[in-house]
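Note sheet for the following structure.
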Amino acid sequence: MSIYTNDIDAVATLKAEQGSKWAAINPEYTARMRAQNRFKTGIEIAQYTADIMRADMENYDNDSSLYTQSLGCWHGFIGQQKMISIKKHFENNTDRRYLYLSGWMVAALRSEFGPLPDQSMHEKTSVSALIEELYTFLRQADARELGGLFRELDAARDAGDSAKVTATQDKIDNHVTHVVPIIADIDAGFGNAEATYLLAKKMIEAGACCIQIENQVSDEKQCGHQDGKVTVPHEDFLAKINAVRYAFLELGIDNGVIVARTDSLGAGLTKQIAVTNEPGDLGDQYNSFLDCDEITQAELGNGDVILKKDGKLLRPKRLPSNLFQFKEGTGEARCVLDCITSLQGGADLLWIETEKPHVGQIGAMVNEIRKVVPNAKLVYNNSPSFNWTLNFRQQIFDIMVEAGQDVSAYDRADLMNEKYDTTELSAQADEKIRTFQADSAREAGIFHHLITLPTYHTAALSTDNLAKEYFGDEGMLGYVKGVQRKEIRQSIACVKHQNMAGSDMGDDHKEYFAGDAALKAGGEDNTMNQF
């Protein structure tokens with residue numbers, strides 16, 4: 001017997017116990033409302049999605065072709081539409097497809113201060129609020145879809161079509177939820193370890209099963225693709241990883257997932273010199289990357305910070321900002337040490353922020369990490385900050401040069417030029433872009449591929465195209481041809497925008513609550529019927 005049928009029977013029993021005062025209560029309507037509200041709390045969602053993500057991680061370890069993907073979103077409607085689209089196009093299946101919550105987009109689009117750069121200046125609670133909003137919209141997508149199935153069931157019963165009744169009941173019993181894991185960006189923790197713990201709790205309570213944290217200094221935080229990044233010693237970062245783990249454990253999500261992000265590849269600065277107690281310890285390894293001058297006792301200046309290593313006095317180079325700089329060319333080695341330390345210190349997945357999408361570069365670092373942690377896995381930012389076209393055309397250009405091929409027809413610095421779009425070089429580059437995720441999942445240990453800011457860019461592009469047409473010579477045809485006609489022909493659900501906003505669910509509830517006296521919005525005069 002299905003959960004749906006069990007709920008009908010259970011409510012029918014309750015109704016009988018309550019007698020005439022529950023006469024107006026319909027057990028099946030109650031069962032429908034329960035089905036449409038499968039997840040009662042964010043903690044339930046966090047546990048459900050953590051189980052999914054852990055199973056996906058195990059499957060990837062056994063087969064690297066089973067990598068996972070997500071797209072970043074900044075509003076519940078965006079996340080909802082993505083999952084509705086995925087279910088529509090991929091046989092009602094959301095397997096291995098997540099959502100990503102980008103701190104960059106929260107800062108740029110969700111702050112009460114207005115658009116802000118990715119520097120942790122936005123309200124920290126806006127992060128957990130967006131998680132809650134995303135799951136509210138995903139749960140409504142479930143309710144809307146199930147509402148349609150309930151109406152199909154009623155119509156089949158009215159028509160006496162028993163086969164249709166059985167088929168529809170099966171769809172209800174085996175409904176695939178739109179609720180999927182969210183990888184949520186907590187930046188550098190928005191303060192000290194206690195602040196990190198408090199915010200992590202809020203995020204988990206909102207439904208997050210996976211929290212991504214980076215090793216930058218919280219009050220100096222920069223976007224991973226900008227200059228001026230400042231990292232913290234490993235012990236400081238591990239304290240924040242521990243804080244997130246304690247938040248998961250306190251709330252009962254024992255298998256919550258932590259992504260440790262290192263920005264060391266592009267970070268040339270540190271605010272602190274690490275504490276070290278003996279040669280070769282973690283603090284000593286961190287300090288070994290500092291750019292220092294060897295000096296004598298006589299060369300000591302007022303206020304100098306001095307390290308003693310192997311019997312030598314070393315003066316780290318300190319900038320006017322009071323920051324210390326690392327030696328040039330140490331970024332990859334620092335990334336490897338960061339990753340090994342994070343995995344050994346409680347993280348589950350890694351994130352290496354790179355300056356370009358290059359399988360060889362990422363794979364080389366992962367190979368070093370896997371010498372110590374064999375099952376190390378990455379989350380990778382397929383960032384819109386990269387010029388993917390230029391990067392991959394230049395990679396193909398360099399491969400052609402190495403192979404001794406004639407490249408005289410190409411200008412490496414100008415490969416973005418439209419005149420190269422129909423060339424063999426361009427075709428090879430596009431194929432490399434197409435297979436980048438599968439290739440790097442196989443060769444560079446990338447378990448999860450995400451695009452941080454796709455909906456930011458698609459919103460801008462589509463709005464630009466609409467404004468150009470609508471305010472230009474096309475007028476209303478600009479909207480009809482460029483938007484509505486495509487929505488109808490591609491069966492985009494939100495072409496029925498009243499339905500998407502919940503009008504049909506509202507009508508269902510009016511009938512449940514008021515019976516024949518209900519005043520419904522979905523009658524024959526509703527223009528939504530044109531679609």
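Values in this text are rule-based calculations from the coordinates and carry no lab data. A quick note: this is a predicted structure, and the numbers were derived from the prediction, not measured. Reconstructed Cβ throughout: ideal geometry from the backbone, glycine too, with neighbour counts over all protein chains shown.
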Quick one: helix 76-89 against the long Cα principal axis of the chain, what's the angle to the nearest 10°, folded into 0 to 90?
70 degrees
The chain, dipole about Cα centre (Lys/Arg Cβ +1, Asp/Glu Cβ -1), debye to the nearest 20:
600 debye
Take the Cβ-Cβ distance between A403 and Q297 as r, set R0 to 56 Å, and report the resulting FRET efficiency rounded to the nearest 0.05.
0.45
Once you mark the GluC sites (Glu not before Pro) that are in a DSSP loop and have at most 16 other Cβ atoms within 10 Å, what is the longest gap between them in the chain?
124-327
Cα convex hull of segment 413-531: how many Å³ per residue?
216 Å³
Return, for the Cα atoms of segment 90-167, the radius of gyration and Dmax in Å, separated by a comma.
20.2, 62
Taking Cα atoms, how many degrees apart are the long axis of helix 42-62 and the longest axis of the chain, rounded to 10 and kept between 0 and 90?
60 degrees
The chain: longest stretch without exposed trypsin sites (Lys or Arg not before Pro) (DSSP loop, at most 11 other Cβ within 10 Å), sites themselves excluded?
41-370
Between E524 and V176, what FRET efficiency comes out of the Förster formula 1/(1 + (r/R0)^6) with R0 = 22 Å and r the beta carbon distance, rounded to 0.05?
0.10
Taking the Cα centre as origin and putting +1 on Lys and Arg beta-carbons and -1 on Asp and Glu beta-carbons, what dipole magnitude results for segment 468-521, to the nearest 20 debye?
260 debye
Projected-area mean, the chain, by convex hull of Cα positions, square nanometres
34.1 nm²
Does anyone have the angle between helix 359-370 and the longest principal axis of the chain? Alpha-carbon axes, 0 to 90°, nearest 10?
80 degrees
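Provide L249, L71, L350 in ascending order of the number of other Cβ atoms located within 10 Å of each residue's Cβ, fewest first.
L249, L71, L350
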Please work out the Cα center distance from segment 284-306 to segment 68-95, rounded to the nearest Å.
53 Å
Along segment 131-139, Karplus-curve 3J(HN,Hα) (6.51, -1.76, 1.60; θ = phi - 60°) to the nearest Hz, with x for Gly and Pro, reads 4, 4, 5, 4, 6, 4, 5, 5, 5
